[in-house]
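Novice: What follows is a single structure, and I will ask about it in a moment.
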Amino acid sequence: MNTEMMIDYMVQQLYDTIEEEGLTEYRTLPLLKDLGYQSEMFENTELFEIHDRLIEILKEEGRDPETENAVVGMPYAVTVFLKKRKCPYCGSRDIAKIIYGYPVMSEEMEEEIKQGKIVLGGCLLREEKYCCNSCDRKF
């Protein structure tokens, strides 16, 4: 696997981790370490590339990443704060994650449904991952 493909793979892993765990803040290098990568495996330029690509994906998703206490030359070592996802149709940040299939209902899941954090999408898997609680559109 060439370096470009490896970086793409790591960026996807980081993105998936942020999404699955519902992170509202992260640091790129510690997150990579949590995934089993060692910092010695990377050149500084590769870490910059991974960090920058992840930020771009999150911007495109409407997550509006912001950094705090940015250190010049070390963007992968600063904390990135993420706003809640934004609806591409109405701009609302009141978004629910769509769950497909036959989920096992629990008290916790029922509470998340009542709070508008998740929506049941039915048994057929679709492209849409989120539903806006304000305009009821899926994206």
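Each reported figure results from applying straightforward, stated rules to the coordinates on display, with no laboratory input. Note that the structure is predicted; figures quoted are calculated from it, not measured. Here the Cβ is made from the backbone with ideal geometry for all residues, glycine too, and neighbour counts use every protein chain on show.
Novice: Just wondering, is there one or more residues in segment 12-33 that are more than 29 Å from Cys132 (Cα to Cα) and in contact (Cβ under 8 Å) with a residue 12 or more places away in the chain?
Specialist: So far as segment 12-33 goes, yes, one or more of its residues are more than 29 Å from Cys132 (Cα to Cα) and in contact (Cβ under 8 Å) with a residue 12 or more places away in the chain.
Novice: Something else now. Of all residues in segment 91-112, which are touching a residue at least 24 places away in the same chain (Cβ under 8 Å) and surrounded by fewer than 13 Cβ atoms within 10 Å (Cβ to Cβ)? If you could, list the steps in order and put the result at the bottom.
Specialist: Narrowing segment 91-112 to residues touching a residue at least 24 places away in the same chain (Cβ under 8 Å): 92, 94-98, 100-101.
Result: Gly101, single match.
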